[in-house]
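Just passing along the structure, written as C-alpha cells.
Since every read-out is calculated from the coordinates, none of them should be taken as a lab result. Nothing here was measured: the structure is a model prediction, and the numbers come from that model. Neighbour counts run over all protein chains shown; Cβ positions are idealised from the backbone, glycine included.
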Amino acid sequence: MRLFAIFFGAMIVNNILLMRFLGLCSFFGISNKLENAVSMTWAVTFVMAMASLVTWGLYHFLLLPLGLVFLRTAFFILVIAALVQLVEMYMKKNAPGLYRALGIYLPLITTNCAILAVAFLNIDYGYSLLESLVYTVGVSGGYGVAIVLFASLRERVDKAPVPEAFKGYPIAFILAGLLSLAFMGFAGMFGIQL
Amino acid sequence: MSLVFAAVLSFGLLGLLLGLGLALAGRRFAVETDPREERALAALPGVNCGACGYPGCGGYAHAVACKGEETNRCPVGGAAVAASLAALMGREAAPFEKRIARLFCAGGKDKCPERFTYKGIISCNAANLVGGGHKLCSWGCLGMGSCADACPFDAIAMNEQGLPVVDEAKCTACGRCVLACPRGLFQLVPQSKRVIVACSSKDKGPETRKICKVGCIACRLCERNCPVKAIAVADNLARHDFKACEQHKVCVQKCPQKTIVVFPPSS
C-alpha cells in the first residue's frame, strides 16, 4: 500500500510538471507534436530511472560514509550529464529522425530540473532503493501523462480559430494553466500529502 | 584535510569512470558521416533561408553529398557556390542562372490612387484586411513595405511612389518577399529576362483602365504581335513565358497602357 501511495502520489497528486512546475522547458518545447512528446517521455524516463538508481547508490555508499553530502549536487549532475550523453549517442545511431526532432531538448535533459529534483527527493524523503525506484517511475509516468495530455490538446488548439495575438505560446501557457488547475483537484486524494 | 582529499579523489574517480564509459559508448554508437557533407555545409552561405527547397543549409548539404542533388540549387551563393560544390563532389558544375525577385505591379501613388487614407499598423497584411485595402486596385501593391521588412539581405527599398524597388546586386532570390506579399505580387524571374508585364490585375479591361493608368487591360496587342509567341493573355492579364521570350521588345512598343516595362541591363 505504501508503494502504491508513493507511485500514485508521484504520478498524479504531486505531478512533477503540473503541481511542482519542474522541467517546464521541455514541457513547452517538445509538446507541439504528440509523437515527439511520447519519445521525449521515454528518454526522460530512462535518464530519470538510471539517474535515481545511481545517485541513490552514490549517496548511501559513497557520500554518506565519506561525509561528502555537501557535494551531492555536483556528483548528481555529473552522473545525469553522462547518462544524457549516453542516450544522445544511442539515439543518434539508432533513431536519427527522432534525434533531430528532439533537437536541443535532448541534451537539455541534462539541466532538466525534474531529473535532479527526483534524485534529491528520493533522498530527502528517506526512501529505500525499491521505494525510490517506484517513486521515479511514478514521476516519469506523471511527466508522460502531463506532456501527452498537453501535446494532444495543443494539436487540437493548433487547428482551432485562436485569435491572432494568442497563437502559439500564449495560448499554450493558458492551456497549461488550465491543465494545472484541473490537476489541483487531485490534491489530498487518499490522504497523500508528500 | 582528509575530507578535501576524499572529495577530490572520489569526484575525480567518478568523472574518470564516467568519461571512460562514454568513450567506450562513443565507439560503440559511432555514426559514420560522409565527410563531404561537412565540407559542403562549409561551402554554403549558411543563411538557412530555405530557398533551395531544403530545411536549411544542412539539409541541402546532406542532399548534395548523400543523395546526388544538383549543385546549383542555392540562389544565395549563386554561381560561385555551385562551382565549389561541384568541385567538392567531383561532378560537372551544373549551369547556374541567377534569379531576381520582380514586382508585378507598377501602380504607384500617381498611377493608381487610394480609395481612402489608411491609418493603422504599417504592414501590408494589416492594410489588406481593412476594407479590402486602401488602394483603388484590389490586386495592386499596398506600399506598406512588408516585403522590404521581410528581406534578409536588405535588397528591397520603398521609393517615393510607395513601390518596392529591388536592388539586383543584393537580391539572392531567397523568396522571402514572395511569401511576405499578401497579394502575391513578387515572382522570381531569371535575371537575363528583363521584359516584365508589371501588373497583376485580373479585372476586366474597362475596369482596370478606370482604376490604374498603367494596368493591363487585356487588349491582346502584345499577344498578337509577339514574333515568338512568348506572351499570352489569360484571365484578363498578359504574362510572359520566360523560357520562350527572346526579348524582341515588340510587346513593349505595342502596349497602349505602357504596362510592359524593360529593366535596364544590370552592371
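Using a Förster radius of 30 Å, what is the FRET efficiency between B:LYS229 and B:LEU179 based on their Cβ-Cβ separation? Nearest 0.05, please. It would help to have the intermediate numbers written out before the result.
On the way: r = 32 Å, r/R0 = 1.06.
The calculated FRET efficiency here is 0.40.
Another question about this same structure. Extending each Cα 7 Å along its Cβ direction at A:PHE173 and B:SER2, get the distance between those two points in nm, one decimal.
Taking the simple label geometry, A:PHE173 and B:SER2 are separated by 5.5 nm.
Continuing with the same structure: Is there a quick way to get the dipole size of the protein assembly as shown? I mean about its Cα centre, with the Cβ of Lys and Arg at +1 and of Asp and Glu at -1; what is the value in debye to the nearest 20? All intermediate terms of the calculation are to be shown ahead of the outcome.
On the way: 44 positive and 28 negative charges, 363 e Å.
So the magnitude is around 1740 debye.
Also: Set the Förster distance to 22 Å, then compute FRET efficiency between A:ASN94 and A:VAL38 from the Cβ-Cβ distance, nearest 0.05.
0.85
So for B:HIS248, B:HIS62, fewest C-beta neighbours within 10 Å to most, what's the order?
Taking fewest neighbouring Cβ atoms as first place, the list is B:HIS248, B:HIS62.
As I understand it, the dipole of the stretch B:160-267 uses +1 on the Cβ of Lys and Arg and -1 on the Cβ of Asp and Glu, about the Cα centre. Which of B:THR172, B:ALA232, B:CYS245 lies farthest toward its positive end?
The residue sitting farthest along the positive end of the dipole is B:ALA232.
Hey, another quick one. Excluding B:PHE263 itself, what net charge comes from residues whose Cβ is under 11 Å from its Cβ, given Lys and Arg +1 and Asp and Glu -1?
Net charge around B:PHE263: +2.
Let me ask something else. On full extension of the chain, what length is gained from A:CYS113 through A:ARG2, given 0.36 nm per residue of separation minus the C-alpha to C-alpha distance?
Once the chain is fully extended between A:CYS113 and A:ARG2, it gains 37.4 nm.
Using +1 at the Cβ of each Lys and Arg and -1 at the Cβ of each Asp and Glu in the stretch B:100-262, identify which of B:SER138, B:LEU221, B:PHE153 lies farthest towards the dipole's positive end.
B:LEU221
Hey, in the GNM for chain A with a 10 angstrom Cα cutoff, which one of A:ALA95, A:ALA117, A:ALA37 fluctuates hardest?
Maximum fluctuation in the GNM of chain A, among the listed residues, is at A:ALA95.
Work through the residues other than B:ALA230 whose Cβ is under 11 Å from its Cβ and net out their charges, Lys, Arg +1 and Asp, Glu -1.
So the environment of B:ALA230 carries a net charge of +1.
Oh, and also: How many nm is it between the label spots at A:ALA187 and B:VAL262, if each spot is 7 Å from the Cα in line with the beta carbon?
7.9
What is the fewest-to-most order of B:THR208, A:THR111, B:THR172, A:THR45 by other Cβ atoms lying within 10 Å of their Cβ?
With the fewest neighbours first, B:THR208, A:THR111, B:THR172, A:THR45 line up as A:THR111, A:THR45, B:THR172, B:THR208.
Same structure, new question: Among A:PHE46, B:GLY56, A:TYR143, pick out the residue whose Cα is farthest towards the positive end of the charge dipole of the protein assembly as shown, where Lys and Arg carry +1 and Asp and Glu carry -1 on C-beta, about the Cα centre.
B:GLY56
To continue, here is another question. Calculate the dipole size of the stretch B:100-262 relative to its Cα centre from +1 charges on Lys and Arg beta carbons and -1 charges on Asp and Glu beta carbons; express the result in debye to the nearest 20.
Taking the Cα centre of the stretch B:100-262 as origin, the dipole is about 540 debye.
Determine the gain in length on full extension of the stretch B:ALA30-B:PHE153; use 0.36 nm per residue of separation and subtract their C-alpha separation, reporting nm with one decimal.
Using 0.36 nm per residue and subtracting the Cα-Cα distance, I get 40.4 nm.
I've got another one for you. By how many degrees, between 0 and 90 and to the nearest 10, does the Cα long axis of helix B:56-67 differ from the longest principal axis of chain B?
Roughly 80 degrees, rounded to the nearest 10.
What's the Cα-based Rg to Rh of chain A, Rh via Kirkwood? Walk me through the numbers on the way to the answer.
Details: Rg = 17.4 Å, Rh = 17.4 Å.
With Rg and the Kirkwood Rh in hand, the quotient comes to 1.00.
For a quick check: sort B:LYS111, B:LYS213 by the number of other beta carbons within 10 angstrom, fewest at the front.
B:LYS213, B:LYS111
Place a +1 charge on the Cβ of each Lys and Arg in the stretch A:13-107 and a -1 charge on the Cβ of each Asp and Glu, then give the dipole magnitude about the Cα centre in debye, rounded to the nearest 20.
So the magnitude is around 80 debye.
Select from B:LEU18, B:LEU142, B:LEU237 the residue whose mean-square fluctuation is largest in a Gaussian network model of chain B (Cα-Cα springs shorter than 10 Å).
B:LEU18
Determine, from the Cβ-Cβ distance of A:ARG156 and B:ALA23 and an R0 of 56 Å, the FRET efficiency 1/(1 + (r/R0)^6), rounded to the nearest 0.05.
So, using R0 = 56 Å, E works out to roughly 0.80.
Right, next: B:GLU92 versus A:VAL148, label points 7 Å from Cα toward the beta carbon: distance in nm?
5.5
Send over the per residue convex hull volume for the stretch B:58-134, Cα only, as a whole number of Å³. List each step's numbers first, then the result.
Details: hull volume 11.7 nm³, N = 77.
For the stretch B:58-134, the hull spanned by Cα atoms encloses 152 Å³ per residue.
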